Amino acid sequence: MNRSRRLRFSSRKGLALPMAIGAIVLIGMILAGVFFTATQENRVGRNTITQERAFRAAEYGLNNAYANWNNSTMSKLATGAVATIGDKQPSRGFADTVRVTHLNTNTYLLVSTGYAGSGSTQALHRTSNVMRLNFPQINVLAALTLRGALKLGGSSFIDGRDTPPTGWTDCGPTTSEQPGIAATRGDSGTISLSGCKNFTCVEGNPDVQVNPAAGNDSTYFDYGNGITWATLTAAATISMPASAVGSTPNPSLTGGGGCNTLDRMNWGDPIRNTPAGPCETYFPIVYISDTTGNTHITGGVGQGVLLVDGDLQVEGGFQWYGPVIVKGHLTTQGTGGHFNGAVMAADVDLELNNLLGNALVTYSSCAIADAMIGAGIPTKLKQRSWSEMYYH
């Protein structure tokens, strides 16, 4: 009897093993789900980071092109033409390419494509920006404009006839003859011609023009398009005090043979050679920022816009191509300066300007125009200039 009951009890099927197996399967499924979710999150996070790097690369390309904009090079693009700028940053894990399209005279479309990642994790992002150049519009009244007194003598010559610089092949038609000198007064007490008779050292139409605008601050310090002396000097390519002008300005090259724009005494190359020199398209804004010092330049060459806060003394045959604006007074002596473009002496203290020796001031609309292009200030349009074009 007892034996049969034990047999009956022992024949019942157990539940522990199926429950244990079921629990193991359930836990495995949970772990697999957690692992799958974690893997997906990791992939999504990694892809998001790669996408962000590509976006930053595209934005870096736009900002880099904007910060290192070369007016002289880009202005030579024909309307509709495209230039490509590339930059690689291996240490940051990305690269970018910027295509610059010349839309019209002063408007450009910049399209930047940024790449990031490698292998199966790669991303591309493309952004664009529309940029416009604001060109200064200097009110040139004559080859030499001044509101102080002038002493002109020796072999110096002021020429208002529009003369293209020697060797410059990109100059358009010349303009009409400009006045040789524009001043607030034309009497002998204001303009002294030592050794010159009947204005033989001045050529223009007329030789000397009495112009009230020569006495206005706006003529010297307001350049249109919202550009003033303050904004133009703030945008200067080269800025230094008078004491830093310690060597003769001349074009210099990098180790790779390019134009060394980091050299503060490289003020461009106005002497056209065959083949063309690397610095011939470099038209810097040179700002001598010392209001009390006397800027002394002996020899050398330069092109662009020369802005001097204090007085300017030139000798040794220094040659400058483009406009020169001096807040103080201008002095030349010996083998004086040769200025091709226009000279404006604001003479804040109404001092005497001395152009002696063999100083030459020759009006050149071509030198002024090229310098104005080089002095253009790149500006992003205020509304709807930026857009996100594509990404994957």
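Please treat every number below as a calculation from the coordinates, not as lab data. The structure displayed is predicted, hence computed values, not measured ones. Neighbour counts run over all protein chains shown; Cβ positions are idealised from the backbone, glycine included.
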For a quick check: with amide H placed at 1.01 Å from N, whose amide H comes under 5 Å from residue 296's, ignoring anything fewer than 5 positions away on the same chain?
313
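Sort largest first and round to whole Å: the equivalent ellipsoid semi-axes of region 211-323, each the square root of five times a Cα gyration tensor eigenvalue.
Details: eigenvalues 132, 54, 38 Å².
Values for region 211-323, descending: 26, 16, 14 Å.
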Through the Karplus equation 6.51 cos²θ - 1.76 cosθ + 1.60, θ set to phi - 60°, convert the phi angles of region 48-61 into ³J(HN,Hα) values in whole Hz; use x for Gly and Pro.
5, 5, 5, 4, 5, 5, 5, 5, 5, 5, 5, 5, 4, x
Hey, what number do you get for the chain at 222 nm if only DSSP H runs of n ≥ 4 count, each worth -39500 (n - 2.57), divided across all residues, to the nearest 500?
-7000 deg cm²/dmol
Protection proxy ranking of 23-29, 249-255 - average other beta-carbon atoms within 10 Å, highest first
249-255, 23-29
Alpha carbon centre of region 311-389 versus region 122-146: separation in Å?
18 Å
Identify, among 375, 190, 310, the residue whose Cα sits farthest towards the positive end of the charge dipole of the chain, taking +1 on the Cβ of Lys and Arg and -1 on the Cβ of Asp and Glu, with the dipole about the Cα centre.
375
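Go through 331-339, 286-294 and give me the packing order, highest mean Cβ count within 10 Å leading. Working shown, then result.
Details: 331-339: 22.7, 286-294: 18.2.
Averaged packing, sorted descending, gives the order 331-339, 286-294.
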Just need log10 I(q)/I(0) for the chain at q = 0.11, 0.12 Å⁻¹, Debye formula, equal scatterers on the alpha-carbon atoms, no solvent, rounded to two decimals.
-0.84, -0.94
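Where a ≥ b ≥ c are the square roots of the eigenvalues of the C-alpha gyration tensor, would you call region 280-326 rounded, which needs a/c under 1.5, or, failing that, prolate if a/b is larger than b/c, or oblate? Working shown, then result.
Numbers: a/c = 2.45, a/b = 1.30, b/c = 1.88.
The shape class here is oblate.
Just the number, please: Stokes-Einstein D of region 90-192 in µm²/s, Kirkwood Rh from C-alpha pairs, 4 °C, 1.567 mPa s.
Numbers: Rh = 19.6 Å.
Translational D for this selection: 66 µm²/s.
Using a 10 Å cut-off around each Cβ, can you sort 239, 176, 128 from fewest to most neighbouring Cβ atoms? Could you put the intermediate results ahead of the total?
Working: 239 16, 176 9, 128 20.
Least to most surrounded, the residues fall as 176, 239, 128.
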Rounded to two decimals, what is the ratio between the C-alpha radius of gyration of region 139-215 and 2.2 N^0.38 Å?
1.15
Prolate/oblate/rounded call for region 248-384, Cα gyration tensor, a/c under 1.5 rounded:
oblate
Taking H as built 1.01 Å from N, whose amide H comes closer than 5 Å to the amide H of residue 150, not counting residues under 5 places away?
191, 192, 353
Between region 233-307 and region 153-223, the alpha-carbon center distance in angstrom
25 Å
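With only Lys, Arg, Asp and Glu charged, each at its Cβ (+1 for the first two, -1 for the last two), find how big the charge dipole of region 222-334 is about the Cα centre; round to the nearest 20 debye.
Numbers: 3 positive and 8 negative charges, 26 e Å.
It works out to roughly 120 debye.
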Just to check I understand the Karplus step: with θ = phi - 60° and J = 6.51 cos²θ - 1.76 cosθ + 1.60, what whole-Hz values come out for region 281-288, glycine and proline as x?
9, 9, 10, x, 8, 9, 10, 8
Within the chain: Cβ-based charge dipole about Cα centre, in debye rounded to nearest 20 (Lys, Arg +1; Asp, Glu -1):
4320 debye
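Rounded if a/c is under 1.5, else prolate if a/b beats b/c, else oblate: with a ≥ b ≥ c from the C-alpha gyration tensor eigenvalues square-rooted, which is region 319-392?
Numbers: a/c = 4.68, a/b = 2.65, b/c = 1.77.
Prolate, because a/c is 1.5 or more and a/b exceeds b/c.
Of the chain, which part is the longest with no trypsin sites (Lys or Arg not before Pro) in a loop (DSSP not H, G, I, E, B) and with at most 12 other C-beta atoms within 10 angstrom?
On the way: sites that count: 12, 13, 197, 382, 384.
After excluding every exposed loop site, the longest remaining stretch is 198-381.
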With charges only on Cβ, +1 for K and R and -1 for D and E, what is the dipole size of region 144-375 about its Cα centre, in debye, rounded to 20?
180 debye
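For region 144-375, what does the convex hull of the Cα positions come to per residue, in cubic angstrom? Intermediate values should be presented prior to the final figure.
Details: hull volume 27.1 nm³, N = 232.
Once divided by residue count, the hull of region 144-375 is 117 Å³.
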